[in-house]
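Reading through the structure tokens given below for one structure.
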Amino acid sequence: MTDQTFTPRVFSGIKPSGGLTLGNYLGAIKRWVEMQEDPTYETIFCVVDMHAITVWQDPADLTRATREVAAAMIASGIDPEKSVLFNQCRVSAHAELGWLLNCVARVGWMNRMTQFKDKAGKNTEKVSLGLYAYPSLMAADILAYHATHVPVGEDQKQHVELTRDIAAKFNHDYGRDFFPMTDPVIEGPAMRVMNLRDGSKKMSKSGESDMERINMLDDADTIAKKIKKARTDPEALPAEMDGLSGRPEARNLVNIYAGLAETTSEAVLGEFGGEGWGKFKPALAELAVEKLAPISDEMRRLLDAPDELDAIMAKGAEKAAAIANPILEETFKIMGFVR
Ligand code: AMP
Ligand code: TRP
């Protein structure tokens, strides 16, 4: 085995499967922008459209959501000149490497994926085969670029660990130190933004009620109303983190505040400890509107020019393919394919 050193390279993605939420912003996009600005890294961000179809997507909705995710990235500060920004279906290396890695990943590993169990529920016989195989396509997304760092929310940690298992098995089976051991980057106070109505559930694009999430495209009044109606408890805010234990809704709002204000949850309690919700919620609403309104205004402007968005993604795809294709080719070669 030869020891290969890998350039620090960031890869991450978001599925175009409905409107983006504050969870996507704080858990993912906001930190991508920070990594883009860090000269240590090359950064690649992808609208993972092929992951979206693991559950039914109406074609018109898929088109709209793809552009919405690209617009959200750009409006939040992803600069297509500094980062590679594209949509997955345009770079065939993802699907091709995905197949190769399907033959490396073991069924037993897939059976342990908690997101599959949650999404499939009791319905494991009726969900698509793609939903089951999805984590090995995600491994291909990452490994096609030899990405070393993957910034994601807490819910994706297991999938990045699986990516390491797949890479390690490939390297071992073929006796080559070819794929890197990718690190998940899960840092900050808002890596798991919870549902505003039930602090035990993740805030997601697909929850039943719109009141349980803040969408990146919500207007100021809607954001304020959702925060005002967010579930809390009768107690005041504690001065220390210990005082949030057993209070998931209270903890969530404090974490959201900290994520938006770019501070720690401890510092937020330092400021608001002892105050009631009547003071904290309006402050949070004001902060959320201050941070999100400029982004949603820019998103709306970009969505009015879909051709421009499509051209940006097409150009990004060329840059992405230039990195991924040689890695895919080398993978085929290592495996013995005649090309
Ligand atoms: P998805 O919308 O499932 O494609 O997720 C895209 C990215 O957003 C992933 O890095 C997720 O971990 C992150 N994300 C989604 N929902 C949340 C949430 N409620 N809290 C934190 N991060 C999230
Ligand atoms: N599975 C991720 C999610 O549901 C999205 C995703 C697909 C991704 N491919 C990726 C994230 C590669 C990081 C890296 O949120």
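Quick notes on this structure:
- Where N is the number of residues in the range 62-103, Cα Rg divided by 2.2 N^0.38 Å: 1.45
- Potential extension, residue 318-residue 174 segment - 0.36 nm per residue separation minus Cα distance: 48.9 nm
- Solvent-free Debye calculation, one equal scatterer per alpha-carbon of the range 1-118: log10 I(q)/I(0) at 0.18 Å⁻¹ equals -1.10.
- Given 122/201; 157/225; 15/117; 225/279; 157/205; 15/228, the pairs whose alpha carbons are separated by over 26 Å: 157/225; 15/228
- Theoretical ellipticity at 222 nm over the chain - DSSP helices of four or more residues, -39500 (n - 2.57) apiece, nearest 500: -16500 deg cm²/dmol
- Between amide H atoms placed 1.01 Å from N, distances below 5 Å from residue 13 occur with 46, all of them 5 or more places distant or on a separate chain.
- Two-site FRET efficiency, residue 263 against residue 63, from Cβ-Cβ distance with R₀ of 25 Å, rounded to 0.05: 0.05
- Coordinate range along principal axes, alpha carbons of the range 210-301, Å, largest first: 43, 24, 19
- Estimated D of the chain in µm² per second, where Rh is the Kirkwood radius over Cα pairs and Stokes-Einstein applies at 37 °C, 0.692 mPa s: 156 µm²/s
- Between 130, 243, 278, the Gaussian network model of the chain with springs among Cα atoms under 10 angstrom shows the greatest mean-square fluctuation at 278.
- Built from the Cα atoms of the range 15-70, the convex hull projects on average onto 4.1 nm², one quarter of its surface area.
- Distance from the range 46-60 to the range 104-119 (C-alpha centre basis), Å: 20 Å
- Hydrodynamic radius (Kirkwood) for the range 103-151, which is based on Cα pairs only, to one decimal in Å: 12.0 Å
- Relative contact order, whole percent, for the range 210-301 stands at 38, derived from Cα pairs under 8 Å and 6 or more residues apart.
- Candidates 248, 151, 135, ranked by Gaussian network fluctuation over the chain, Cα under 10 Å, top entry: 248
- Legend: P(r) of the range 108-235 from all alpha carbon pair distances, 5 Å bins from 0, whole percents, reading 2, 9, 15, 16, 16, 15, 11, 8, 5, 2, 1, 0, 0.
Read the figures in this text as sums done on the coordinates, not as results from a lab. Quantities reported herein were computed from a predicted structural model and do not represent experimental measurements. Here Cβ is always computed from backbone atoms with ideal geometry, including for glycine, and neighbour counts include all displayed protein chains.
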